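The values are calculated or read from the model by the stated rules, or taken from the named source; none is laboratory data. Quantities reported herein were computed from a predicted structural model and do not represent experimental measurements. Please note: Cβ atoms are built from the backbone with ideal geometry, for glycine as well, and neighbour counts cover all protein chains shown. The protein model used for the area step is the full one, side chains on, heavy atoms only, and it has no ligands, DNA or RNA in it. Shrake-Rupley method; radii C 1.70, N 1.55, O 1.52, S 1.80 Å.
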Amino acid sequence: MQAAIDLAKISYENNEVPVGAIVVLENNIIGKGSNSVISDKNVSAHAEINAIRDASRNIGNYRLINCSIYVTLEPCHMCAKAISDARIDNLVFATEEPKTGSIVSIDNIYDRNILNHSVQYQFGLLKDESSKLLKKFFKDKR
């Protein structure tokens with residue numbers, strides 16, 4: 001998770017919402033992503049999507065079987081669906097997103113039997129560090 005937080009700090013420095021994500025296979029980081037919606041002028045350039053794209057390029061497959069993804073913020077619906085569609089087995093996120101979080105905050109998408117791939121999840125790893133970075137970012141914006 002620390003590697004994801006380091007990527008979130010890069011987003012922060014680039015004036016993006018500070019979210020970072022890594023994809024891990026057999027204890028090796030195979031994909032990295034940070035939030036780049038503004039700089040890429042692309043609403044889908046969330047950290048999770050960028051990390052999935054990077055991992056898929058690196059292993060030469062759009063299926064990320066036996067992988068885990070670590071994210072500094074609870075994924076939105078778009079990212080949760082991408083994680084499932086990539087066949088990632090495990091999601092670990094640092095802190096909840098009360099406005100758009102699709103895992104435990106406004107929805108429980110992975111707890112319903114609507115997707116054709118089951119993703120296990122947990123949250124709270126390095127929660128304080130991730131939360132502080134996000135709060136500082138939005139405080140600086142005001």
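Summary table below
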{"item": "Amide H contacts of K32 (H built 1.01 Å from N, under 5 Å, at least 5 apart or other chain)", "result": "V23, D54, A55"}
{"item": "Scattering curve values for the stretch 58-142, log₁₀ I(q)/I(0), Debye with Cα scatterers, q = 0.12 Å⁻¹", "result": "-0.38"}
{"item": "Helix-only mean residue ellipticity at 222 nm for the chain, each DSSP H run of n ≥ 4 adding -39500 (n - 2.57), per residue, nearest 500", "result": "-11000 deg cm²/dmol"}
{"item": "Residue-level accessible surface for K139, protein heavy atoms, 1.4 Å, Å²", "result": "150"}
{"item": "Calculated from backbone phi, Karplus (6.51, -1.76, 1.60) coupling profile of the stretch 29-43 in Hz, x at Gly/Pro", "result": "6, 10, x, 10, x, 10, 5, 9, 4, 6, 5, 7, 6, 8, 4"}
{"item": "Debye intensity ratio in log₁₀ form over the Cα atoms of the chain, taken at each q of 0.09, 0.15 Å⁻¹", "result": "-0.23, -0.66"}
{"item": "Built amide H within the under 5 Å cut-off of T72, gap 5+", "result": "G20, A94"}
{"item": "Heavy atoms of Y70 accessible to a 1.4 Å probe, total area in Å² rounded to 10", "result": "60"}
{"item": "Accessible-area order (highest first, 1.4 angstrom probe) of the listed residues T100, T95", "result": "T100, T95"}
{"item": "Largest-first principal axis extents, alpha carbons of the stretch 1-57, Å", "result": "32, 22, 10"}
{"item": "Proximal charge balance of S105 [Cβ under 14 Å; K/R count +1, D/E count -1]", "result": "-3"}
